[in-house]
Amino acid sequence: MEHRGTDTEPSRIFGPRRPIWPSLRRLLGIVLAGLAVGLAGWSGFRISEQHGTLALRDESNHRLDLFASAVEGMVKRLEHVPATIQLNQDVQALLLEPRHALRVSRVNDYLRRLNAHLGSLAVFVLDERGVVVASSNSELGDDSQLGEDLSFRPYFLEALSGQVGRHFAIGAKSGQPGYFVSHPIRDGARVLGVATIKISLDPVDEVWDMLGAPALLADTNQVVILSSRPEWRYTALAELSLERRVDLQITRLYNNQQIPRFPLPVKLSIDEDSQVLEGVLPGGLPPDSDAARPVRSSTLVLGRTLDGMDWRLLIFSDLRSVRNQAVLNSMLSAVAAGFVLLLALYLNQRRRIARQKIESRQMLERANTELEHKVARRTRALTDSNTRLRREIAEREQAELTLRAAQDELVHVAKMAVLGQLATGITHELTQPLGAIRTLSGNALEFMRRGDLKAVQGNLQFVTRLADQMGNIIQPLKGFARKSLAQPAATDVAHAVSNALFLYDQRLRKEGITVHNRCEPGQIIAWCDPNRLEQVLINLIGNAMDAMRDTAVKVLTLEAVSDPACTPPLRIEVSDSGPGVPEDVRQRLFEPFFTTKEAGVGLGLGLAISRDIVREFHGDLEADNLPGGGACFTVRLPAAPDPEEEPTTT
Ligand code: ADP
């Protein structure tokens, strides 16, 4: 079954890869959080500033109202006085007959007492030409107003035209500022003169403190006539037109002094509305400011028009405390927003962690189930393959047994083939003693007929010896021909060599082959089956004899050596003086059924079977050519274990 279900992959569970988009999302989140905090701070600032400004405006308005009514009270308190002066008979009479000294003195006295009683700056009467005919300060002599021509003053002109004149002006002679109110003095419909009172504005200067902020009072010409800041005095809130300047020159309202522009750009329309000015307050710092450093500040300007007058009152409230409070509130809002965000983040994170935990557990469970299924599948597959392997092993063992049986059979067949080849020689070996036995037994019969029992006995003894000799010839053959299973044992190589040579004894002699057997009995003991080793040696000796059939020199050499440096250590060399093995033949030497011999002479199995036999005992068979000519076949075998070194068993 195929592996599926990507959600159970270990990398997903234990080592998640980090794609790019979550970090982008995080970045975006940080930016948004920053924006939210910034927005909260900004909103906090704006709202606090608005509220603070509103509160300050309300408070300033309230103070302004109080202040305005105080000023109105101070200024208007004496406004009605000029109207009452015409009621005085002396004044009327004086104006009708100005040169009457007694009347002048009486009116002056009246005016002086009136002025003293009212607490005004001056009270005086002008004739219809605008010349002061009587004054409260007549006792000052030359410094008094008497005789002064004030026809240029607007209050005179307005009263002459039958109206009440009122305006601010600086005294032409005294240089003292004041509020002038005038009233026509009539005789029926005719205006005889003008009664005027000059009211001091000093009391206003004493109550600036009740406003708690810089303030000013501007007259009809928008010229500041009073201010809590002396430097603002006699400045114009609006640009004075040329016409107005000429007019002021004539009327000398401000004693013809220079009227510069007011340093701040205030709106003239300010009444109930307020205006906010950005910048440093001119002419010094606000009263509550830190004198050590100039402060860039915003100023809230509020205005009020005095009731029934064109005078305007302006108050300049410092917005710094509002701004400071707004900054504080802005920071608080930002901190609160940050806290709320962090709280939200924390709660969200907690929720996510909880969800991830559940998901991880589910994934783990799924992975576990999948793993269990896999293990079960793999176990099943392993069990199946195990069973299959066992079956295969059993089959292979069976095949090996069959092969072994076939090999044994083949070895036996090869043995029989060798025996067949040996049969001629053996037969020849047996022919001679057999013939001798026949002759001896025939002679023995003859000796018996003759009654020569002694000769019979001698012949029979000789026959017995010959029979033993024949038995000795047959005995090795019996052993060799025996069908046996290979059993490794300690095998004396010299014994196996002499057995093999014995079987070929007759043929060796017949073919005139010189044998050099250099194997000493008991010297080289190999670990193999003696019968099988004999079979191998018989094969090699037979092949050597075949190879030397047509050569002049026929020498067969057998040698056994032990070389502990080699594996396996024992070497049995069978060399001949034949033509050697050609290269093409050498490559195919051990192939089954390869032979260069005529049909019926060789099967081509000798060397193949011999090598199989030797390898079965962990040895090997190699073929080589001798430097002086001839072939050399080497059998390598392991040495038999030393009996003295063998572990003793109990
Ligand atoms: P067979 O003897 O039946 O031919 P073998 O397997 O014993 O089969 O030998 C295979 C071949 O090896 C022989 O036919 C022969 O050509 C070659 N051969 C074996 N021994 C020798 C030797 N001593 N000298 C030269 N050639 C040899």
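Each stretch of four or more DSSP H residues adds -39500 (n - 2.57); spread over every residue of the chain, this sum gives -17500 deg cm²/dmol at 222 nm.
Here the spin labels are modelled as points 7 Å beyond Cα on the Cα-Cβ line, and at LEU434 and ARG355 they lie 11.0 nm apart. Remark: spin-label model distance MET416-VAL553 equals 4.1 nm, labels positioned 7 Å along the Cα→Cβ axis.
Across the options GLN362, VAL340, ASN329, the greatest Cα extent toward the positive end of the charge dipole of segment 329-381 (unit charges at beta carbon of Lys, Arg, Asp, Glu) belongs to GLN362. Fewest-first ordering of LEU264, LEU434 by other beta carbons within 10 Å of each residue's beta carbon gives LEU434, LEU264. The amide H of GLN523, built 1.01 Å from its N in the peptide plane, has ALA494 as neighbours under 5 Å, considering only residues 5 or more places off or on other chains.
Among LEU201, LEU626, sorting on how many other beta-carbon atoms sit within 10 Å of each Cβ, with the fewest leading, yields LEU626, LEU201. Residues whose amide H falls under 5 Å from that of ARG186, counting only those 5 or more places apart or on a different chain, are LEU192, with hydrogens built in the peptide plane.
Think of each Lys and Arg Cβ as +1 and each Asp and Glu Cβ as -1; about the Cα centre, that makes the dipole of segment 176-229 roughly 320 debye. In this structure, the residue pairs whose Cα-Cα separation is over 28 Å, taken from LYS173/LYS267; LYS454/LYS478; LYS478/LYS510; LYS415/LYS554; LYS510/LYS597; LYS483/LYS510, are LYS173/LYS267; LYS454/LYS478; LYS483/LYS510. So how tilted is helix 453-481 from the main axis of the chain? Cα-based, degrees 0 to 90, rounded to 10. Compared with the principal axis, the helix lies near 20 degrees.
Working note: Debye formula, equal point scatterers on the alpha-carbon atoms of segment 531-619, no solvent; log10 I(q)/I(0) at q = 0.25 Å⁻¹ is -1.45. Per-residue 3J(HN,Hα) values for segment 160-173, derived from phi via the Karplus relation 6.51 cos²θ - 1.76 cosθ + 1.60 with θ = phi - 60°, read 4, 7, x, 10, 8, x, 8, 6, 8, 7, 9, x, 5, 9 Hz in sequence order (x marks Gly and Pro). Shown in residue order for segment 51-60 are the 3J(HN,Hα) couplings computed by the Karplus curve 6.51 cos²θ - 1.76 cosθ + 1.60 at θ = phi - 60°: 4, x, 4, 4, 5, 5, 5, 4, 5, 5 Hz (x for Gly and Pro). Diffusion coefficient of segment 308-429 by Stokes-Einstein, Kirkwood radius over Cα pairs, 10 °C, 1.306 mPa s: 61 µm²/s. For GluC sites (Glu not before Pro), the sites in segment 200-276 that DSSP calls loop and that have at most 11 other Cβ atoms within 10 Å are GLU239, GLU272. With an a/c value of 1.5 or above and a/b larger than b/c for the gyration tensor axes a ≥ b ≥ c computed over the alpha-carbon atoms, segment 432-521 is described as prolate. Computed over segment 91-199, the alpha-carbon pair-distance distribution with 10 angstrom bins reads 17, 53, 29, 2, each value a whole percent.
Histogrammed with a bin width of 5 Å, the alpha carbon distances of segment 366-478 distribute as 3, 9, 10, 8, 7, 7, 6, 6, 5, 5, 5, 4, 4, 4, 4, 3, 3, 2, 2, 2, 1, 1, 0, 0 percent, first bin at zero.
Rounded to the nearest 20, the Cβ-based charge dipole of segment 66-222 about its Cα centre (Lys and Arg +1, Asp and Glu -1) stands at 440 debye. Rounded to the nearest Hz, the phi-derived 3J(HN,Hα) couplings of segment 216-230 under the Karplus curve 6.51 cos²θ - 1.76 cosθ + 1.60 (θ = phi - 60°) are 8, 10, 10, 8, 4, 7, 6, 9, 6, 9, 9, 7, 5, 10, x, where x marks glycine and proline.
Amide H to amide H distances under 5 Å link SER298 with GLY279, LEU319, ARG320, where only residues 5 or more positions off or on other chains count and H is placed in the peptide plane. Per the Debye calculation on the chain with a single equal scatterer at every Cα and no solvent contribution, log₁₀ I(q)/I(0) for q = 0.07, 0.09, 0.12 Å⁻¹ amounts to -0.77, -0.92, -1.19. With neighbour counts taken as other beta-carbon atoms within 10 Å, the residues HIS100, HIS62, HIS183 rank, fewest first, as HIS62, HIS100, HIS183.
Counting only Cα atoms, segment 80-154 measures 27, 25, 25 Å along its principal axes, largest extent leading.
Values quoted throughout were computed directly from the atomic coordinates according to the rules given, and no laboratory measurement underlies them. Please read all numbers here as calculations on a predicted model, not as lab measurements. Cβ: placed from backbone, ideal geometry, glycine included. Neighbour counts: every protein chain shown.
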